[in-house]
């Protein structure tokens, strides 16, 4: 799948200090690129009440993403578990 990045994703990625989390995030992005569907990736769940928004669990962090009409994945935000739902979707 083609992976696109929102400007807010880059900003929120810069705020993460933990290198272990950043490496796990890069591995997740590589898995997204290799996958043909979202269902192939474990721990991705659909956000209730929204048609094309999903979240991925990465330790204490959550990654907010959107499946676009062209079947591309738009990474929107990465934030701590208790903060992400204030900003996403």
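Read-outs throughout are calculated quantities, based only on the coordinates presented, and are distinct from any laboratory measurement. In this text, all values refer to a predicted model and were calculated from it rather than measured experimentally.
Between 65, 32, 23, the GNM of the chain built on Cα springs shorter than 10 angstrom shows 23 fluctuating the most. Comparing 26, 75, 38 in a Gaussian network model of the chain where C-alpha atoms under 10 Å apart are linked, the largest mean-square fluctuation is found at 26.
For the chain, the alpha carbon convex hull comes to 90 Å³ per residue, rounded to a whole number. Each stretch of four or more DSSP H residues adds -39500 (n - 2.57); spread over every residue of the chain, this sum gives -10500 deg cm²/dmol at 222 nm. When the Gaussian network model of the chain links Cα atoms closer than 10 Å, the mean-square fluctuations of 76, 47, 63 top out at 47. Remark: the residue 39-residue 16 segment gains 5.6 nm on full extension, using 0.36 nm per residue and subtracting the alpha carbon distance.
Measuring nothing but how far apart in sequence close Cα pairs (under 8 Å, 6+ apart) lie, relative to its length, the chain scores a relative contact order of 33 percent.
Distance from the alpha carbon centroid of region 1-41 to that of region 53-70 works out to 9 angstrom.
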